Amino acid sequence: MRGFLLLALRIVVSAALLYIAFRGINFAAIQSRLSQISPLWVLLAVLATIFQIFLGALRWREISVQCAAPLGTGQAFRYNMIGAFFNQTLPSTIGGDAMRLWLVRQTGATWRAATYSVLVDRAIGLIALALIVVASLPWSYDLIGNAHGRLALLLIDIAAISAGLGFLAYGWLPWSWLKTLWPLRHIHACSVIANQVIFNRRSGPKIAVLSLLIHVMAVVIAWCAVRSIAAPAAFEQLFMLIPPIMLITMLPISIAGWGVREATMMVAFGYAGLAQTDGTVVSLLFGASSFIVGAIGGLVWILSAEKTSEISHVAPEGE
């Protein structure tokens with residue numbers, strides 16, 4: 001019942017945020033934009049989303065080795081595609097991460113190793129995104145003329161970078177009681193692994209480049225959506241706007257980020273002097289690309305050996 005109520009609450013939050021995003025929007029303008037959609041650019045957005053997932057698989061593969069849950073490239077990519085499917089059904093990335101954890105467990109890894117690999121991967125992605133947002137702050141300030149928008153961006157930056165650096169610093173604390181109290185010992189262990197991955201001469205540069213490319217691909221996906229409706233937004237503008245939007249969308253308060261992404265992108269476009277209607281349409285197309293890739297991930301899940309194994313274990317009980 002508790003899980004059902006939380007799911008229902010997040011559905012309500014998504015619906016409410018979508019209502020806010022669409023309230024006051026000129027639907028005739030949206031219809032006009034949608035009538036101009038170029039299928040080629042939408043296809044490129046879908047392909048860019050798949051490539052982004054592949055890059056994420058390469059990063060996860062590097063991290064999984066340090067967590068004693070090694071994954072092959074194809075294996076990590078397949079698990080990420082399946083995770084993309086479950087991301088479309090549960091809040092934010094929680095559903096996909098839970099499924100990735102379960103899949104890693106099926107390889108013979110311990111629950112702890114599987115959990116650490118997913119959590120460290122997620123944490124490093126968040127830290128990289130926070131650093132990108134902070135690094136682009138001077139240019140973002142030039143782009144956003146609204147004082148409230150600048151303040152909101154600054155607060156987001158401070159919160160994100162503080163959380164990221166605090167997480168990494170946590171692993172360096174020598175206090176023994178951090179390793180005895182639950183869940184502090186698990187957070188501490190994840191922090192130690194994250195530091196080992198990031199500051200390792202072999203894996204560190206790979207992780208840094210892959211993390212940067214993953215977030216650049218989010219901008220590319222948004223740019224494909226912009227090009228598909230011929231909206232007057234430059235790639236440079238999107239590079240300033242999309243990372244903070246993605247940071248906010250990661251909050252687990254809606255289903256697959258729907259509502260949060262639309263409301264945030266609409267406001268961000270407005271602050272940057274762009275049409276809010278374009279921001280809403282771009283966000284919808286961004287979400288549609290993720291949905292399509294998630295559907296492909298669903299097919300991967302249905303055809304996967306793990307799904308077949310699950311069915312074979314359940315079938316005798318139902319007879």
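The values are calculated or read from the model by the stated rules, or taken from the named source; none is laboratory data. These figures come from a predicted structure and were not determined experimentally. Using ideal geometry, Cβ is built from the backbone for each residue, glycine included, and neighbour counts are taken over all protein chains shown. Side chains included, ligands, DNA and RNA excluded: accessible areas come from the protein's heavy atoms. Shrake-Rupley method; radii C 1.70, N 1.55, O 1.52, S 1.80 Å.
Here L129 fulfils each of the conditions (1) in contact (Cβ under 8 Å) with a residue 40 or more places away in the chain; (2) over 20 Å from F286 (Cβ atoms); (3) aliphatic (A, V, I, L, M) apart from (2). Scanning the stretch 142-156 for residues that are open to solvent by less than 70 Å² (accessible area, probe 1.4 Å), in a helix (DSSP H, G or I) and either of a type in the set (K, R) or touching a residue at least 12 places away in the same chain (Cβ under 8 Å) (or both) returns L143, G149, L153, L154, I156.
Which of the following residues is modelled with pLDDT of 90 or more, open to solvent by 10 Å² or more (accessible area, probe 1.4 Å) and under 13 Å from the mean Cα position of the chain (by Cα): I214, I248, I255, I242? First the steps, then the outcome.
Values: I248 fails: modelled with pLDDT of 90 or more; I255 fails: modelled with pLDDT of 90 or more; I242 fails: open to solvent by 10 Å² or more (accessible area, probe 1.4 Å).
Only one candidate qualifies: I214.
Within 30 Å of S289 (Cα to Cα) and part of a helix (DSSP H, G or I), is that true of I221? Yes; evaluated as a whole, the condition is true for this residue. Of the residues making up the stretch 275-300, those that are open to solvent by 20 Å² or more (accessible area, probe 1.4 Å) and modelled with pLDDT of 90 or more number 9.
Among the conditions (1) within 21 Å of the chain's Cα centre (by Cα); (2) closer than 21 Å to P70 by Cβ; (3) open to solvent by less than 10 Å² (accessible area, probe 1.4 Å), the only one that K206 does not satisfy is (3). For the residues A230, A208, the requirement of being part of a loop (DSSP other than H, G, I, E, B), closer than 22 Å to A48 by Cα and either touching a strand residue (DSSP E or B) at 6+ places or on another chain (Cβ under 6 Å) or not polar (S, T, N, Q) (or both) singles out A230.
Quick test for you: out of L119, L126, pick the one residue that is in contact with a Cys (Cβ under 7 Å, 6 or more places away or on another chain), open to solvent by 40 Å² or more (accessible area, probe 1.4 Å) and part of a helix (DSSP H, G or I).
None of the other options fit; the residue is L119.
Can you tell me which residues in the stretch 217-235 are without any contact (Cβ under 8 Å) to a residue 40 or more places away in the chain, open to solvent by 20 Å² or more (accessible area, probe 1.4 Å) and either in contact with a helix residue (DSSP H, G or I) (Cβ under 8 Å, 6 or more places away or on another chain) or within 20 Å of I248 (Cα to Cα) (or both)? W223, F235, listed by residue number.
Given the criteria free of Cβ contacts under 8 Å to residues at least 60 places away in the same chain, open to solvent by 40 Å² or more (accessible area, probe 1.4 Å), under 22 Å from the mean Cα position of the chain (by Cα) and within 25 Å of A208 (Cβ to Cβ), does A159 qualify? Full working, then the answer.
Details: free of Cβ contacts under 8 Å to residues at least 60 places away in the same chain: yes; open to solvent by 40 Å² or more (accessible area, probe 1.4 Å): yes; under 22 Å from the mean Cα position of the chain (by Cα): yes; within 25 Å of A208 (Cβ to Cβ): yes.
Answer is yes for this residue.
Could you list, in sequence order, all residues of the stretch 159-185 that are farther than 17 Å from A128 by Cβ, out of contact with any Lys or Arg (no Cβ under 8 Å at 6 or more places or on another chain) and assigned to a helix (DSSP H, G or I)? Y170, S176, W177, L184 - these are the residues of the stretch 159-185 that are farther than 17 Å from A128 by Cβ, out of contact with any Lys or Arg (no Cβ under 8 Å at 6 or more places or on another chain) and assigned to a helix (DSSP H, G or I).
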